Amino acid sequence: MTKTPPATRILSGPLSMFGAKVQIAALEKGIPFELTMVPFIAGDAYEPKHPDVLRVNPVKQQVPVLIDADVALFDSTQIFEYLEDRYPPPEWLALWPEGIAERARARQLEQKADEVFFPNVIKLFGLQEAMQSAPAVAACAACARYYEEMEGLLATREYLAGPYTFADIAFYMACVFADRKGAGMTDATPRLLAWRTRVGDRPAVRAVVDPMMRFLASQGRGVPAFLQR
Ligand SMILES: N[C@@H](CCC(=O)N[C@@H](CS)C(=O)NCC(=O)O)C(=O)O
């Protein structure tokens, strides 16, 4: 008997935090998908470029890429929007909250995780040998300030935007990479630490993050202490 391949394809990378976002969201929603991990070489580069990545994302040449029949998309945030439209609640798990204002706030938090918090972590990628340098110290301080801001949100709710949403997925993955690069959260933000455990214990999150950590370990690279199980 021939097996019908899932309609949806996701192209990600073994250490792609943006790809992991999409994988987690698809698993949370229970969407059947076929995963292609693009080649990864030492030096944190995805080479050679996969032909489908070049076709769908020719300028940026980045993962994740999602292909679903005649829809082909790049950018994790754009893919989140598509997944919620294509697999809407109540049949599929809602990953945006109900209510226009709540959804807008959740979208903003999702975007801030990628565009406000994560750029500090990207700076640290190139400063691993100079963590005492002024730019590294400034990037770590910016991460700490962002953690404090999220700690404030969690005073009144379990997840960043109320219910569990794409915003939590995005920020969780950004936090994993921040920790890897020396800007992890501390006891100064206990609610955020509890949030990290809450999100990290979700089966969909573990199903993506655990193999990623195994990959890191297989390469002799450090695994964040909170993910050493
Ligand atoms: N804004 C994009 C960022 C995607 C991105 O930076 N992808 C990285 C991997 S995490 C990549 O493919 N890098 C390979 C390269 O730039 O050559 C998104 O949200 O998907």
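Which condition number in (1) over 18 Å from Ala204 (Cβ atoms); (2) touching a Phe, Trp or Tyr at 6+ places or on another chain (Cβ under 7 Å); (3) buried (at least 18 other Cβ atoms within 10 Å of the Cβ) is the one that Arg103 fails?
(3)
Please go through (1) within 24 Å of Asp201 (Cα to Cα); (2) assigned to a loop (DSSP other than H, G, I, E, B) for Val22 and return the number of the only condition it doesn't satisfy.
(2)
So which strands (runs of 3 or more DSSP E) are wholly in the range 33-103 and hold at least 2 residues that are assigned by TED's automatic domain parsing to the domain that holds Ser16, closer than 24 Å to Tyr164 by Cβ and not acidic (Asp, Glu)?
Details: elements: 33-37, 65-68, 71-74.
Result: 33-37.
Of all residues in the range 1-19 being of a type in the set (S, T, N, Q) and assigned to a loop (DSSP other than H, G, I, E, B), which is modelled with the lowest pLDDT? First the steps, then the outcome.
Our first condition is that a residue be of a type in the set (S, T, N, Q); within the range 1-19, this holds for 2, 4, 8, 12, 16.
Still in the running and assigned to a loop (DSSP other than H, G, I, E, B): 2, 4, 16.
Working: Thr2: 57, Thr4: 63, Ser16: 96.
Only one residue tops the list, namely Thr2.
State whether one or more residues within the range 79-87 are surrounded by 13 or more Cβ atoms within 10 Å (Cβ to Cβ), free of Cβ contacts under 8 Å to residues at least 40 places away in the same chain and away from the ligand (no atom under 14 Å from the Cβ).
Taking the range 79-87 as the starting set, the residues that turn out to be surrounded by 13 or more Cβ atoms within 10 Å (Cβ to Cβ) are 79-84, 86-87.
Subsequent filtering for residues that are free of Cβ contacts under 8 Å to residues at least 40 places away in the same chain retains 81-82, 86.
Pick out the ones that are also away from the ligand (no atom under 14 Å from the Cβ) and you get 86.
The answer is yes, given that some residue of the range 79-87 is surrounded by 13 or more Cβ atoms within 10 Å (Cβ to Cβ), free of Cβ contacts under 8 Å to residues at least 40 places away in the same chain and away from the ligand (no atom under 14 Å from the Cβ).
Quick check on the range 21-33. Is at least one of its residues acidic (Asp, Glu), over 15 Å from Val65 (Cβ atoms) and within 14 Å of the ligand (Cβ to nearest atom)?
no
Restricting to the range 39-68, what's the tally of residues that are under 18 Å from Met212 (Cβ atoms) and near the ligand (Cβ under 8 Å from one of its atoms)?
Final tally of qualifying residues: 5.
The values are calculated or read from the model by the stated rules, or taken from the named source; none is laboratory data. Computed from a prediction, not measured in an experiment: that's the story for all the values here. Backbone-built Cβ (ideal geometry, glycine too); neighbour counts: all protein chains shown.
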